[in-house]
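Q: Provided herewith is a single structure, encoded as structure tokens, for subsequent inquiry.
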Amino acid sequence: MSAHDDDHAHGAELSETQLRVRALETILTEKGYVDPAALDRIVEAYETRIGPHIGARVVARAWVDAGFKRQLMENAAEAIIAAGLADRVGDHLIAVENTERTHNMVVCTLCSCYPWDVLGLPPTWYKAAPYRSRAVIDPRGVLADFGVTLPDDTEIRVWDSTAETRFIVVPMQPSGTDGWSEAQLATLVTRDCMVGTGLPTPDAKAQR
Amino acid sequence: MQQAAAALGGLPGDATGPVFREPWEAQAFAMVVALHERGVFTWSEWAEILGDEIRRAQATGDPDRGDTYYRHWLAALERIVTQRQITDDATLGRFRNAWERAADRTPHGTPIELRPDDFEA
């Protein structure tokens with residue numbers, strides 16, 4: 001059960017880790033706790049359908065629809081489901097809005113709690129110790145690593161996710177994008193924008 | 001649907017590589033989602049055990065850069081299913097060894113499948 005198993009220590013085609021995963025899956029299947037076909041469907045959903053494009057549509061909708069935005073800020077899960085923007089959303093999703101005075105950033109200092117339903121699975125850096133520890137003590141330094149510089153008088157709020165409460169950042173709509181369609185706007189909203197480590201810019205699409 | 005997803009900002013994980021780096025990561029992830037859906041544990045209970053596994057690994061020298069994340073995930077999964085008495089360490093070990101025997105006797109390139117005699121020591 002060590003975290004340092006050598007994947008290539010065995011002559012067999014299965015690594016130590018693979019053997020452990022297969023053992024678990026066989027036992028859980030035999031006992032009726034999981035169904036291999038259902039596992040495949042879960043994997044397929046997270047590999048192809050569930051991802052930051054969902055959150056991007058939520059943000060873009062909030063930019064063009066003030067009524068939706070109000071609902072989103074009040075109860076994000078309800079608003080997103082009601083608008084048909086996601087199939088499911090965990091109960092306690094909180095939308096936090098960036099303004100001229102406040103920038104929001106999301107971390108999970110404990111492990112990697114993350115709003116899967118709207119952003120997919122977290123990137124490696126979100127799960128890594130440096131981000132988890134530094135986001136709280138030096139958010140400006142972390143933002144600088146991501147190439148984000150904010151005015152000195154902008155307050156940075158860091159939200160620590162838990163398994164029960166997860167956050168999505170609603171960034172400010174970039175200037176020069178008035179009149180853009182919701183679909184066009186959604187292309188500007190990257191995953192990092194919604195974690196608070198990036199800002200949407202009209203050329204974000206080109207940087208992708 | 002997938003085309004729409006691509007048009008609206010790419011598929012999950014596009015900026016940092018695939019969502020899962022190896023199939024076992026995906027399987028371990030999916031088992032946890034499925035067990036949670038069945039009500040075996042709450043996300044709070046899961047996060048506590050996963051967080052504890054991460055701290056343990058850090059304490060034994062894992063730099064914890066995110067690439068070992070699913071190893072911690074797997075260790076936490078093994079722990080929670082034994083804790084909930086769905087299985088025990090001895091059974092996990094027996095099935096692990098059976099899969100190893102199955103792999104050993106299976107010619108390269110053919111699917112590895114468990115047979116009853118894989119459980120005979």
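Q: Considering the protein assembly as shown, which cysteines have no disulfide-compatible partner, defined as another cysteine with its Cβ under 4.7 Å away?
A: A:Cys111, A:Cys193
Q: With +1 on each Lys and Arg Cβ and -1 on each Asp and Glu Cβ, how big is the dipole of the stretch B:40-121 about its Cα centre, in debye rounded to the nearest 20?
A: So the magnitude is around 40 debye.
Q: Mind listing which trypsin sites (Lys or Arg not before Pro) in the stretch A:99-185 are in a DSSP loop and have 16 or fewer other Cβ atoms within 10 Å?
A: Those satisfying the criteria are A:Arg101.
Q: Let me ask you something else. List the GluC sites (Glu not before Pro) within the stretch B:89-121 that DSSP assigns to loop and that have no more than 16 neighbouring Cβ atoms inside 10 Å.
A: Passing sites in the stretch B:89-121 are B:Glu113, B:Glu120.
Q: Please give the average number of partner chain Cβ atoms lying within 10 Å of the Cβ of each residue in A:26-36, rounded to a whole number.
A: 5
Q: Work out the length of the dipole vector of the stretch A:110-208 about its Cα centre, built from +1 on the beta-carbon of each Lys and Arg and -1 on the beta-carbon of each Asp and Glu, and round it to the nearest 20 debye.
A: In total the dipole reaches around 380 debye.
Q: Compute the relative contact order of chain A as a whole-number percentage, counting only Cα pairs closer than 8 Å that sit 6 or more residues apart in sequence.
A: Relative contact order comes out at 23 percent.
Q: Å³ per residue of the Cα convex hull, for the protein assembly as shown?
A: Taking the convex hull of the Cα positions in the protein assembly as shown, it is 144 Å³ per residue.
Q: Classify the stretch B:18-87 as rounded, prolate or oblate from the Cα gyration tensor: take a ≥ b ≥ c as the square roots of its eigenvalues, call it rounded if a/c is under 1.5, otherwise prolate when a/b beats b/c and oblate if not.
A: oblate
Q: Which one of A:Thr48, B:Val33, B:Ala57 is farthest out on the positive end of the charge dipole of the protein assembly as shown, using unit charges on Cβ (Lys, Arg +1; Asp, Glu -1) and the Cα centre as origin?
A: Looking along the dipole axis, the top candidate is A:Thr48.
Q: Please report the accessible area of A:Ile137 (heavy atoms, 1.4 Å probe, ligands and nucleic acids excluded) in Å², nearest 10.
A: For A:Ile137, solvent-accessible area is about 140 Å².
Q: Another one. Towards the positive end of the charge dipole of the stretch A:94-182, with charges on Cβ (+1 Lys, Arg; -1 Asp, Glu), say which of A:Thr177, A:Thr109, A:Thr149 has the farthest Cα.
A: A:Thr109
Q: Continuing with this model, one more query. Below 10 angstrom from the Cβ of A:Ser112, what's the summed charge of the other residues (Lys, Arg +1; Asp, Glu -1)?
A: Combined, the nearby Lys, Arg, Asp and Glu give +2.
The values are calculated or read from the model by the stated rules, or taken from the named source; none is laboratory data. The structure displayed is predicted, hence computed values, not measured ones. Here Cβ is always computed from backbone atoms with ideal geometry, including for glycine, and neighbour counts include all displayed protein chains. Just the protein is used for accessible areas: all its heavy atoms, side chains included, with ligands, DNA and RNA removed. Shrake-Rupley method; radii C 1.70, N 1.55, O 1.52, S 1.80 Å.
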